[in-house]
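Here the structure comes first, spelled out in structure tokens, and everything after it is commentary.
The values are calculated or read from the model by the stated rules, or taken from the named source; none is laboratory data. For clarity, every value in this text was computed on a predicted model and none was experimentally measured. Cβ placement follows ideal geometry from the backbone for every residue including glycine, while neighbour counts extend to all protein chains displayed. To get the accessible areas, we keep the full protein, side chains included, count just its heavy atoms, and leave off ligands, DNA and RNA. Shrake-Rupley method; radii C 1.70, N 1.55, O 1.52, S 1.80 Å.
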Amino acid sequence: MQSFMSAAIVEAKLAMKEGEIPVGSIIVMGNKIIGRGHNRMEALNDPTAHAEIIAITSACNYISDQRLNGAVLYVTLEPCPMCAGAIMLSRIRMCVYGAPDPTMGAFGSKYNVIGPSLEVLGGVFSKECSNLLQEFFKTKRNKN
């Protein structure tokens, strides 16, 4: 679990280098990473280009199926309602996230939209994930 969350953090750092909010996600099936993504909203001018959505698309393309039965999604920030819906529609078995999101978190922090067949584990590497976000927004504020 730690190595997979570390891989999601690497994705978040890529987002930060690109000037995006540093959120990264990976999808694992059978102990193998089958999808990766990081926020690309600014680059794509797309409010739906969240790390989870990009990772889900990547994983579905990799296995040539829209259903990710048995997969585990790792993400550095608690998913928003849009991403929670996509996670459940893709039939991911479990979501492991780092930092809670009190503004838009859909797995208990702000909203609770967990489906009955989805396991959720929050707070994994929470400090590291939160620090990335704090560093990003501190830098943004100092530029303005």
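Structure remark: mean-square fluctuation, Gaussian network model of the chain, C-alpha springs under 10 Å; the largest value among Pro116, Pro100, Pro79 belongs to Pro116. In the chain, helices alone account for a calculated mean residue ellipticity at 222 nm of -13000 deg cm²/dmol, with every DSSP H run of four or more residues adding -39,500 (n - 2.57). Given the choices (1) 14.7; (2) 16.7; (3) 16.1, Kirkwood radius over Cα pairs in Å derived from the coordinates of this structure is entry (1). Summary value for the chain: 19 percent relative contact order, contacts being C-alpha pairs under 8 angstrom separated by 6+ residues.
The string of couplings for the range 34-45 from the Karplus curve (6.51, -1.76, 1.60, θ = phi - 60°) is 10, x, 9, x, 9, 3, 9, 4, 5, 5, 9, 6 Hz, one whole number per residue in order, with x for Gly and Pro.
Checking every one of the GluC sites (Glu not before Pro) in the range 1-41 against DSSP loop status and a limit of 16 other Cβ atoms within 10 Å picks out Glu18. For the range 26-112, chymotrypsin sites (Phe, Trp or Tyr not before Pro) are listed when DSSP marks them as loop and at most 16 other Cβ atoms sit within 10 Å of their Cβ; the list is Tyr111.
Between Ala71, Ala43, Ala59, the Gaussian network model of the chain with springs among Cα atoms under 10 angstrom shows the greatest mean-square fluctuation at Ala43. Thr103 contributes an accessible area of around 90 Å² to the protein surface, as traced by a 1.4 Å probe with all chains present. Available extension along the chain between Met41 and Ile114 is 23.8 nm, counting 0.36 nm per residue and deducting the alpha carbon span. Bridge orientation summary for the chain: considering DSSP beta bridges with both residues in this region, about 60 percent are antiparallel.
Let me know the shape class of the range 71-113, please: from the alpha-carbon gyration tensor, a ≥ b ≥ c as square roots of the eigenvalues, rounded when a/c is under 1.5, otherwise prolate if a/b is greater than b/c, or oblate. Judged from the Cα gyration tensor, the range 71-113 comes out oblate (a/c at least 1.5, b/c at or above a/b).
Annotation: per residue accessible area for the range 1-63 equals 48 Å², rounded to a whole number [probe 1.4 Å, protein chains only]. Solvent-accessible area of the range 12-144 (1.4 angstrom probe, protein heavy atoms only): carbon and sulfur portion equals 52 percent.
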